[in-house]
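Accompanying notes for the structure given below.
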């Protein structure tokens, strides 16, 4: 039998930077930019403090790198490539599922964004310009295209986009509280799959034209 292919290891620089980013994400989400300590981040990443500054220059730069790392992943997951023949409805479903999967797999994202909004450290402007505006433009465009092709109901595209983004994110933002109410964890695999199905059902019956609603 041929030997199994050897797994290629990440270059040391990328591996070290990745560990620092992961440790920083946890620390910034828990303590905010002001409260996070570079000594603690370096220790959790398994490097000395000098290495942290070598790779990122400053705590502020590291904070922005953490946000960019998360937002780049959000862009890839919520706007996946689709074959050219894919209909607006199919692309809309892929967008909703991608956004849901991103939130499910990146629990620190909402915590960091909520902190940024409350603490007003000046990051929201570039985040809106570089990430949120293109993302919302894509979602609104999908809805407008679906309306033109008769696949979606005639709704206000902006309001529909707000509803999709807000409904999806609010579940993850409030899951810890609602878990206490319902007496069961709402972020486990089974609960998330149930929520995904309910979300797609909600979006479908709210936007798809009656003749195209899923049975």
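The values are calculated or read from the model by the stated rules, or taken from the named source; none is laboratory data. Just so it is clear, the structure is predicted and the values come from calculations on it, not from any experiment. So basically every Cβ, Gly included, is an ideal-geometry build from the backbone, and we count neighbours across all protein chains shown.
Tell me the residue from 66, 47, 93 that is in contact (Cβ under 8 Å) with a residue 24 or more places away in the chain and over 22 Å from the mean Cα position of the chain (by Cα), please.
The conditions single out 47.
Quick one: count up the residues across the range 179-195 that are closer than 14 Å to residue 101 by Cβ and touching a helix residue (DSSP H, G or I) at 6+ places or on another chain (Cβ under 8 Å).
3
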I'm checking my understanding of the structure. Among residues of the range 75-123 that are loosely packed, with under 15 Cβ neighbours inside 10 Å and either touching a strand residue (DSSP E or B) at 6+ places or on another chain (Cβ under 7 Å) or in a helix (DSSP H, G or I) (or both), which one is modelled with the highest pLDDT?
105
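For the range 141-161, what are the residues that are closer than 30 Å to residue 64 by Cβ and either out of contact with any helix residue (DSSP H, G or I) (no Cβ under 9 Å at 6 or more places or on another chain) or crowded, with 17+ Cβ neighbours inside 10 Å (or both)?
Initial filter on the range 141-161 (closer than 30 Å to residue 64 by Cβ): 141-142, 158, 161.
Passing the criteria: 142, 161.
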Determine whether residue 198 is free of Cβ contacts under 8 Å to residues at least 12 places away in the same chain and either more than 19 Å from residue 111 (Cα to Cα) or in a loop (DSSP other than H, G, I, E, B) (or both).
yes
Just checking, does the range 174-183 include any residue being over 30 Å from residue 65 (Cα atoms) and either touching a strand residue (DSSP E or B) at 6+ places or on another chain (Cβ under 9 Å) or part of a strand (DSSP E or B) (or both)?
no
Is the range 171-178 home to any residue that is surrounded by fewer than 14 Cβ atoms within 10 Å (Cβ to Cβ), at pLDDT 95 or above, touching a helix residue (DSSP H, G or I) at 6+ places or on another chain (Cβ under 8 Å) and within 17 Å of residue 95 (Cβ to Cβ)?
no
